[in-house]
């Protein structure tokens, strides 16, 4: 298959930057966004083409990057893509939804790949995102040229839903690593330990994680909490991870506990809180500011 | 102060390698070990000098690297170092013990530094250990030339006990990050996800940690579980971390839970288990092998 | 409506005893069991009538008491009850299944009540069970005379699924109270406290629960662990409770943690273990026998 | 020994009522309180004798009922009781403190019994408290006539510290049972279940506890939260229970988690909150009022 046209649906903080890479590889790049002016702005800035949703879903490859699987399901129910196309869903979605959409679209000769990304806005900007893909391997092979412009790593991880599953577990681990680090640093601070020195030690030691290497210094200790990935989306992802655990009837006490804490932190935080602000719930408990 | 003599007490897996670097910087390097033949062997191999414990504690700088603070306290109670010397304890010890020894030795004009290390045997071999130091900053300044031969980073983190505190929290975070990752990968495997692919994605994403980058691939997924750091010592360190939490009367649910799990894993494992074998308890629960 | 006939499907430890009360109130009591000889034995012993499943589902009131909702769904899919009848499901089932069956049967003019019971075999024997009922209140009013023979308390708790929800939460609380008590008594025994004396104190104090008043003394401390309620069914119920939590997107850290522990305890125990044997997992961890 | 004189130190909500029973059995009943007017008031009301602390500690049996072990230690350090006397400490104290005081006073021929009580102010009023006693059994035998006036059950539970240990575990279980019940009822309410009906069912079933039988209906669901037992004291007791666990190096995940939650609830609540107000932290998380 030669890809003649690609479409990108959902120009949020991630989608906006991801779609911007597509004109490098394709002449016909269609973009659509609920607030349509945003699509027009994207077209003006990056040489994409702002189109009606009906035209968007007629592309050979359709990307979607929306808040939750629910929006994707609604969209597909209303606007069926053309036979032979591939829908690449970059939402951080639900594995069961991917399985449903996969079966549903297969019957219409459309392939559905769950292909969530990680790397945040900076990775989207640079085109170095990690793309974890579930679904038909051969469909991924065909769609790969369209994914490559914004990807650093494209990894097939299994059948339909697997990509969403890996993304949910990744974000769950981020939540655990961050929350646990916050608890640990609170204890250190309570005992008068130099927090910056401690961070330097841990980041040169076995306890380090992305949470201690980037989240604590760049978002928490400097009190910036920039909203680049919303806490309520992290809470949603943690919920998806726990659904995986529940459906497999597995014990997973640490994930289960942390999911509850992140849920509580999200539900007691301002709507526009960055995920890193989860630690503020702990700060309210301890009266110790992580700085 | 010019350092004329240094001594190293405790030639276990770590101490053996750490002491081996000292002859590069000092002419008079004394070593002592409970099993004395090991000290003699060290002397033969590295040009150190196997001495009686009484002579060891007469050095200008005395290092100790023993299983727990209890052994250090016993040793110091029986063999007081000379006035003006500095005792640098590289054990992963208890903060309260450091505070006690610091006060106790100060009265005899001996400085006590809690200076646990991280970097494992490979870091000890290469002389690139991270040394996190609690106690008098000026004493550290004086002792620094003796620490440098085996250190990559020497970080003063606060008053007496702070070094042990940071080490305990580091190891606690390692435990949390590892256990949570094991839970997450169990869930992925239960859903048929490609575990190696998932690991590649997570290690290129925000959920990564030292546990996912080195422990899972190098110890767990290859089923090697090499015993380089014993599970019962990790359980001890997690207990020290929780003692910090308790003494500060802080809530720390994730650390508290994980400490219980690591304690259970250690108490139901073979004595010579590597820390990474903690995940085998989860495997017994789930009947899913992490490989 | 006058009830002319009642049927009881599922003559396990509970159903056998519950059905035995029905002939006191009704002339036409039909019983059915997969192993049909058991139905015949029941008929011989209690004056019920062993019938074909087709005849059972033609009764005015049909009771079912099966291991899980899955068996009930299968049965109803294959054998639709007659219009105007009421299906009273005493299984400890899933709320979502009750909601589905309620809608499904309503369309055929059959009412479905989720009506799980508590009180164990002794309560079934004596006819003093607590029956927690979800579904149409008017249908319960009509079915009440058929339930009364084996009930001590018949409580309407809300719409379809509510009965199952209350039962799941009840059993979850039993699990928490039991497991926590086991942890507490392990700590007391480790410190040399007289466990029987401690139990007497707690059962006269604010920490008491059904777990300390009956489960510990009658099942655990005497090491009898009589299998009257299987551990894997408790694990299933705890899972249902956590599903409730998850669907409502609520934080519930203590329930979530305990559900994981009970799941692990069940999956590492012999199939025929009593629920009280969950504490044996803790005993394996601590090497302290609760006696 | 004949008991000629008894003294009661600490006339708080519990002590006030406990001391009021003593004149029924003894002619010489001395009372002391830091705010001395309270002692004078007690004397006027119950026929006790308000005395100087020096005279109080000269009684044959000295009771103390203070907020924490720390106050008891200070008092005893300053005012040593006479040889041959028995100190009966009804504080909810720390086992290690009891062990220390036991040894310390033994050397002065004074027996120390840790004898915390349960039954709340109503039990103190009626003289039906449960008294859980650690320490020398023979000393308890001698002191028993002085304890009986306010006791329903006097139970010797082991060596010094055992009484405090049992009390701490009892209160820890209260905390677990209450918090878990709050989580469970939140889930039920979120699903529209009738909470009062559910409570009736659970209190007739295996999930019941003192928390569901008295705390939820009498303090939470009616939104009264009467401050008869302070939340910060429950948090202290839970901390003591976890110290027991830690010292014995036991895993106790559910106690550890709940202790953290109660600590957080206490530290984020008004100072004069009743223990039952712990559930308000959960309510803030879920936005579901337990009523």
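Bear in mind that the values in this text are calculations on the coordinates, not laboratory data. Being a predicted model, the structure only gives us computed values, none of them experimental. Cβ atoms come from the backbone with ideal geometry, glycine included; neighbour counts cover every protein chain shown.
Counting pairs of alpha carbon atoms under 8 Å apart in space and at least six apart in sequence, what relative contact order in percent does chain A give?
Once normalised by length, the contact order is 14 percent.
With a ≥ b ≥ c the root eigenvalues of the C-alpha gyration tensor of region A:1-158, is it rounded (a/c under 1.5), prolate (a/b larger than b/c) or oblate?
It comes out rounded by the Cα gyration axes.
Okay, helix-only estimate at 222 nm for chain D: each DSSP H run of n ≥ 4 adds -39500 (n - 2.57), divide by all residues, round to 500 deg cm²/dmol; what do you get?
That calculation yields -15000 deg cm²/dmol at 222 nm.
In peptide B:258-269, how many Cβ atoms from other protein chains are near each Cβ within 10 Å, on average?
The per-residue average across the peptide is 6.
Nearest 10 degrees, 0 to 90: what angle lies between the long axis of helix A:95-106 and the longest principal axis of chain A (Cα atoms)?
The helix A:95-106 is inclined about 0 degrees to chain A.
Please list D:100-108, C:165-173, C:135-143 highest first by mean number of surrounding beta-carbon atoms within 10 Å per residue. Mind showing how you got there, number by number?
Working: D:100-108: 16.0, C:165-173: 31.0, C:135-143: 18.8.
Highest to lowest by the protection proxy: C:165-173, C:135-143, D:100-108.
Please report, in cubic angstrom per residue, the volume enclosed by the convex hull of the alpha-carbon atoms of region D:125-248.
Roughly 142 Å³ of hull volume per residue.
Treat each spin label as a single point 7 Å out from the Cα along the C-beta direction, and report the residue C:104 to residue B:52 distance in nm.
Between residue C:104 and residue B:52, the simple spin-label model gives 8.7 nm.
What is the average number of partner chain Cβ atoms found within 10 Å of a Cβ in C:114-124? All intermediate terms of the calculation are to be shown ahead of the outcome.
Working: counts 0, 0, 2, 2, 7, 3, 2, 0, 0, 3, 0.
So the per-residue partner count for this stretch is 2.
Report the extension gain between residue B:222 and residue B:40 in nm, rounded to one decimal, defined as 0.36 nm multiplied by the number of residues separating them, less their alpha carbon distance.
Result for the pair: 61.9 nm of gain on full extension.
Please compute the modelled spin-label separation between residue B:247 and residue D:214, points set 7 Å along Cα→Cβ, answer in nm with one decimal.
With each label point 7 Å from Cα toward Cβ, the separation is 3.8 nm.
Chain D: which residue's Cβ hugs the D-to-B rotation axis most tightly, distance rounded to whole Å?
Measuring from each Cβ to the axis, the minimum is at D:256, 2.
Relative to the longest principal Cα axis of chain C, at what angle does helix C:231-247 sit, 0 to 90 degrees, rounded to 10?
Here the helix axis deviates by roughly 80 degrees.
What whole number of Å gives the distance from the Cα centroid of region C:21-100 to the Cα centroid of region A:1-45?
For region A:1-45 versus region C:21-100, the Cα centre distance is 59 Å.
Pairing the Cα long axis of helix C:69-78 with the longest principal axis of chain C, what angle in degrees results, from 0 to 90 and rounded to the nearest 10?
Between the helix axis and the principal axis of chain C, the angle is about 10 degrees.
Measure out, as a whole number of angstrom, how far apart the alpha-carbon centroids of region B:220-270 and region C:223-237 sit.
Between the Cα centres of region B:220-270 and region C:223-237 lies a distance of 30 Å.
Just to verify a number: FRET efficiency for residue A:233 and residue C:96, C-beta to C-beta distance, R0 = 30 Å, to 0.05?
0.70
Under the classification rounded if a/c is under 1.5, otherwise prolate if a/b is larger than b/c and oblate if not, where does region D:196-271 fall, given a ≥ b ≥ c as square roots of the Cα gyration tensor eigenvalues?
Since a/c reaches 1.5 but b/c is at least a/b, the shape of region D:196-271 is classed as oblate.
Relative contact order for region A:5-158: what is it in percent, counting Cα pairs under 8 Å that are at least 6 residues apart?
Averaging sequence separation for qualifying contacts and normalising by length gives 20 percent for region A:5-158.
Measuring label to label, 7 Å along Cα→Cβ, what does residue D:107 give against each other copy in nm, shortest first?
From this label point to the equivalent ones elsewhere in the assembly: 1.6, 8.4, 8.5 nm.
Which distances, in nm and shortest first, link the residue B:55 label point to the same label point in every other copy, taking 7 Å along Cα→Cβ?
Those label-point separations list as 7.2, 9.1, 10.1 nm.
Distances from residue B:74 to the same position in the other copies: list them in nm, one decimal, shortest first, using label points 7 Å from Cα along Cα→Cβ.
3.9, 6.2, 6.9
Counting only other chains, and only Cβ atoms inside 10 Å, what mean value do you get across the residues of C:157-166?
6
What percent do you get for the relative contact order of region D:24-85 when only Cα pairs under 8 Å and 6+ apart count? Write out the running numbers ahead of the final one.
Details: 55 pairs, mean separation 17.8, N = 62.
In percent, rounded to a whole number, it is 29.
Shape of the protein assembly as shown from its Cα gyration tensor (a ≥ b ≥ c, root eigenvalues): rounded if a/c is under 1.5, otherwise prolate when a/b > b/c, or oblate?
oblate
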